[in-house]
């Protein structure tokens with residue numbers, strides 16, 4: 001027995017039409033999304049910015065480089081690129097700019 005507050009969606013052709021339209025839109029959106037980022041092996045996620053950024057795991061370090069790791073909850077899996085660096089005590093991390101810098 002249908003609920004008095006809700007329309008009988010199984011018998012109302014408008015509801016069926018809306019449901020089919022929504023399903024087609026969702027399917028179309030999923031099949032037309034560009035897959036270029038996944039195809040590039042070193043693609044980084046995020047916005048295009050007017051500056052250069054670096055990753056700690058790509059820098060010179062005497063710390064421990066972790067990853068890549070896909071284990072849920074691990075430090076490396078939560079980091080960008082699925083890699084991370086841990087520094088303990090006297091460990092260090094150093095890097096140089098890969099592009100010319102601008103100072104004021």
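A short reminder: the numbers here are calculations on the coordinates, not readings from a lab. Note that the coordinates shown come from a computational prediction; the quantities given were computed from them, not determined experimentally. Neighbour counts are summed over all protein chains in view; Cβ atoms, including those assigned to glycine, are modelled from backbone coordinates with ideal geometry.
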Full extension between residue 55 and residue 82 adds, at 0.36 nm per residue less the Cα distance, a length in nm of 8.6 nm
Could you work out how far apart the two model spin labels at residue 72 and residue 93 are, taking each label as a point 7 Å from the Cα in the direction of the beta carbon, and quote it in nm?
-> 2.7 nm
